[in-house]
1. At a threshold of 8 angstrom on Cα-Cα distance, excluding pairs fewer than six apart, so keeping six or more, what relative contact order does the range 122-175 reach in percent?
2. Out of every Cα pair in the range 405-529, what percent are spaced more than 18 Å from each other?
3. What number, in percent, do you get for the relative contact order of the chain if the mean sequence gap of Cα pairs under 8 Å and at least 6 apart is divided by its residue count?
4. By the scheme Lys and Arg +1, Asp and Glu -1, what is the net charge of all other residues having a beta-carbon under 11 Å from that of Leu162?
5. Ranked by Cβ crowding within 10 angstrom, fewest neighbours first, how are Met41, Met523 ordered?
6. Just round it to a whole percent: the fraction of Cα-Cα distances in the range 471-529 exceeding 16 Å.
7. Can you give me the orientation-averaged projected area of the convex hull built on the Cα atoms of the chain, in nm²?
8. Would you mind checking the tilt of helix 129-140 against the longest principal axis of the Cα atoms of the chain, expressed as 0 to 90 degrees and rounded to 10?
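Derivation of every value follows stated rules applied to the coordinates shown; laboratory data play no part. Here the structure is a predicted model, which is why all the values come from computation and not from measurement. Counting neighbours? That spans all protein chains shown, and the Cβs are built from the backbone with ideal geometry, glycine included.
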Amino acid sequence: MQNNTTIDHGTADFLAESRKRRTFAVISHPDAGKSTLTEAMALHARIVDEAGVTHGKASRHATLSDWNDVERERGISISSSALRIEYRDTVINLLDTPGHSDFSEDTYRVLMAVDFTVMLIDAAKGMEPQTRKLFDACRRLSLPVITVINKCDRPGKEPLELFDEIQEATGRTPVAVNWPVGGYGAFHGLVTPGSDAYIHHRPVRAGAQLAHEEVAAGATDSRLDPGGWPEASENALLARELNGSFDDDDFIACRQTPVFFAAASGNLGVRALLDFITTSAPSPAPRRDLSGAPRPIDDEFSGFVFKVQSGTDAAHRDQVALVRINSGTFERGMTLRHAQSGRALNAKYAHHLVGRGRATATRSYPGDIVGFVNATGLRIGDTLYAGKRVEFPPMPRFNPERFRVIRLTDASHQKRFAKGIAQLEADGTVQVFRTQDGSPRGPVLGAVGDLQFEVARERLLREFGVETAYDDLLPFSLSRPLRGPGAEGITEVFGTDLLYRPDGEPVGLFRDRWKLERALERMPGIFAS
Ligand code: GDP
């Protein structure tokens, strides 16, 4: 293995490679078509496998089965975390976000690792509750958002009505990059506002292959219904008059969201989206460290753990820490440091996640995701670096809203139980607390959604071989970090309780909002900012 701490990037090559990266996630309400769109994007692109071989693909099925082969060989579920594809000259790192709102904390952490998002909307349903919630996370992270209105092959809401909904929900101005021709249910293709030509689409059966696309003269194309063309071009122009045209700066500054129309199941509109991502979506930019200083992307290697995935291979108890590269190049075997412990880290078992493209045969660049297999001691939010020390801000923790004591049902497995709980804490599956008297019955687990409890119990069984049971939910629905001394006084307010994190930080529990407000009024000094 090469021991590489010398940095020779900073070259035109390095900058060209990082500019080629597009790292993003698709956010959507369940059923809007996220998996379908992901498959369609993979179909348009080349999958890069672990051996560094890229494949051109002729069918959706082939793309996905190849993908699954990679997954099987690796013995871990890559597709559930990151998909790496090449489209034209661009390397696309598409990160998956959990679909269920109970895992919103997980989703937030993934969104911290991307440079922009694609917000996918079902044309018939508009801005659904989970879409709004996920958008709010994007807003907090100041992420540029591309909007895709999907299922345009079926009856749906009027585009301009959807634009109003998007504007109201996001506070960003939706600008049409293209516009559907033929109306919903008779979706013939896409026009660019102000253009006389349009892309005529002919979908293929069940979306197994690329849709046939052809540039046609709108006004004279006999395949359009009478009146179809004037209506589409007028509406497209109207949308442009109302909301303006796409502007790079407004998109990056989160004032605009460019809008695309698509029917992902027929692969319609997917190429236009990918083209836009290639030309106009942001590549990795410098990220701020703990002191607030931006780490230039051509500085020495640095990255942070945004996800720890374990239990994907029960036989090997594989655990993979997914690291997003913020600066520099990464090579397997290079010497790294773990900022939180100061320890040197053996990167021997690091994987360039889902292989290395032809142009990047041995290296990964800013925006890429690297998986560290079985690297102990890596926790969510941790920083890895080479050379000059850097530490990125910790991942924000959500304030849990549900609490349960978890009990071991077979006392002889105490050690494994403790190990399992520590693991769940480290990888962010649940938050772990002890009570003031040391939790003799078992630790208290804190979660945002109930499914997290289920996942925790399942993993303790599968990965650590311990049977556990939960006590009833504790009667608290809100929590806030506190700071001592005097934090203990919180329990004097009726309807509150106190727990401690493993690092000793006190956390106040409140029965409801009213109790929280009472406590805030009475002891404002003990609430951490
Ligand atoms: P997810 O839950 O967001 O991942 O949604 P899926 O990709 O599983 O899609 C949900 C359902 O919508 C599936 O039955 C898809 O076949 C269907 N679907 C996805 N995209 C389209 C589309 O463009 N048009 C139509 N008619 N159906 C679609």
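1. Values: 38 pairs, mean separation 27.4, N = 54.
Relative contact order, the range 122-175: 51 percent.
2. Details: 4106 of 7750 pairs.
For the range 405-529, the share of Cα pairs beyond 18 Å comes to 53 percent.
3. Details: 1164 pairs, mean separation 74.7, N = 529.
In percent, rounded to a whole number, it is 14.
4. Here the charged neighbours net out to -4.
5. The fewest-first ordering by Cβ neighbours comes to Met523, Met41.
6. Numbers: 585 of 1711 pairs.
Of all Cα-Cα pairs in the range 471-529, 34 percent lie more than 16 Å apart.
7. Numbers: hull surface 104.9 nm².
Seen from a random direction, the Cα hull of the chain projects 26.2 nm² on average.
8. Relative to the chain, helix 129-140 is tipped by roughly 80 degrees.
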